[in-house]
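The values are calculated or read from the model by the stated rules, or taken from the named source; none is laboratory data. This structure is a prediction, so every number in the text was calculated from the model and none was measured. All Cβ positions, even for glycine, are placed from backbone atoms using ideal geometry, and neighbour counts span all protein chains on display.
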Amino acid sequence: MKRRVILASSSPRRAELLSKLGVAFEVLKAQVEETLLPGEKPEELVARLSQLKAGAVAPLASDALVLAADTIVMLDGKILGKPRNPEEAKAMLRALRGRYHTVFTGVAVLDVSRNLLLQEVERSEVLMRDYTDEEIEKFVASGKALDKAGAYAVQDRDFNPVVNIKGCYTSVMGLPICMVARLLEKAGLHPIHNPAKLCRDFTPEWFNCPRFRQA
C-alpha cells in the first residue's frame with residue numbers, strides 16, 4: 001500500500017537509516033520543548049517526546065504516516081544531552097570512557113488520517129572503549145561531538161568509541177530500523193526491505209545481533 005511518509009526529524013543519520021528500508025519519505029523538522037518532567041522515567045521521556053514530535057508535524061500531514069523518534073543517553077541516572085560547548089563534550093566522554101551506559105530510543109508512528117498512534121521504546125546497554133585523553137581532544141576538535149547526545153556517534157569510524165552493545169546498534173545511532181519496519185507495517189505500509197539483513201550489512205563485525213540469524 002503506497003502511503004505518504006514524513007520523517008519528523010532533520011537528523012541526517014535518521015534519514016539515512018530510514019532510506020535503507022526502501023521507504024520514500026519527506027522530511028519535516030518538529031519543534032518541541034525537550035524537557036524532563038518531574039519524576040519522569042527515561043523510557044517515558046523518549047516515548048512522550050517522540051509522540052510530541054509526530055503530533056507537531058501532523059497538522060501539515062493530514063494524509064500521511066508521520067515517523068518521529070527521540071534518543072537519550074543515560075549514565076549513573078543522569079541524562080547526557082548534546083554538549084553545550086567543547087569542554088562539556090570532553091567531560092562527557094571522560095565520564096563514559098571504559099564504562100557501560102544506557103541508550104533509550106522512542107519511536108512513534110502516527111497515522112494522521114485514522115488518528116492511530118503506534119509506539120515502542122528500545123533500550124540498549126553500550127560499552128565504551130578506554131580511549132585516551134589525546135583521542136578525546138582530537139575528536140572534540142573535529143566538531144563532531146557537539147551535535148550528538150553523549151558527545152559521540154557509535155558509527156564514527158575514526159574515533160571508534162564503542163566496543164560492545166547489548167541491544168540495537170541502529171537504536172544507538174538514533175533509529176532502530178527493525179522496530180521502525182515493524183511499526184510501519186502495522187500501520188499498513190508495504191513493502192519494506194528486510195531490516196535485519198540491511199543492519200547486518202553495515203554494522204561492525206564485533207556487533208552480534210540475534211535478529212541477524214533471521215535475515
Q. Of all the helices (runs of 4 or more DSSP H) wholly in region 165-205, which have at least 2 residues that are β-branched (Val, Ile, Thr)?
A. 169-173, 177-186
Q: Output the number of residues of region 14-32 satisfying the condition of being part of a helix (DSSP H, G or I) and surrounded by fewer than 18 Cβ atoms within 10 Å (Cβ to Cβ).
A: 3
Q) Going through region 106-135 one residue at a time, which ones are within 22 Å of the chain's Cα centre (by Cα) and of a type in the set (D, E, K, R)? A) Asp111, Glu120, Glu122, Arg123, Glu125, Arg129
Q: Among what's in region 112-155 and is without any contact (Cβ under 8 Å) to a residue 40 or more places away in the chain and in contact with a helix residue (DSSP H, G or I) (Cβ under 8 Å, 6 or more places away or on another chain), pick the residue that is nearest to Ser50 (Cα to Cα).
A: Val154
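Yes/no matrix, rows are residues, columns are (1) crowded, with 17+ Cβ neighbours inside 10 Å; (2) over 26 Å from Lys41 (Cβ atoms); (3) of a type in the set (D, E, K, R):
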| site | (1), (2), (3) |
| --- | --- |
| Ser113 | no, yes, no |
| Leu116 | no, no, no |
| Val121 | yes, no, no |
| Asp133 | no, yes, yes |
| Ile136 | yes, yes, no |
| Lys144 | no, yes, yes |
| Ala149 | yes, no, no |
| Asp158 | no, yes, yes |
| Val163 | no, yes, no |
Q.
For the structure I just gave you, tell me whether Val103 is at pLDDT 95 or above, under 20 Å from the mean Cα position of the chain (by Cα) and over 23 Å from Lys148 (Cβ atoms).
A. no
Q. What about Arg48, is it among the charged types (D, E, K, R), within 19 Å of Leu146 (Cα to Cα) and not in a strand (DSSP E or B)?
A. no
Q) Pick from Leu96, Leu127, Leu80: which is of a type in the set (A, V, I, L, M), at pLDDT below 95 and farther than 26 Å from Val66 by Cα? A) Leu80
Q. Taking region 1-13 only, how many residues are farther than 19 Å from Ala64 by Cα and either touching a helix residue (DSSP H, G or I) at 6+ places or on another chain (Cβ under 6 Å) or in a strand (DSSP E or B) (or both)?
A. 1
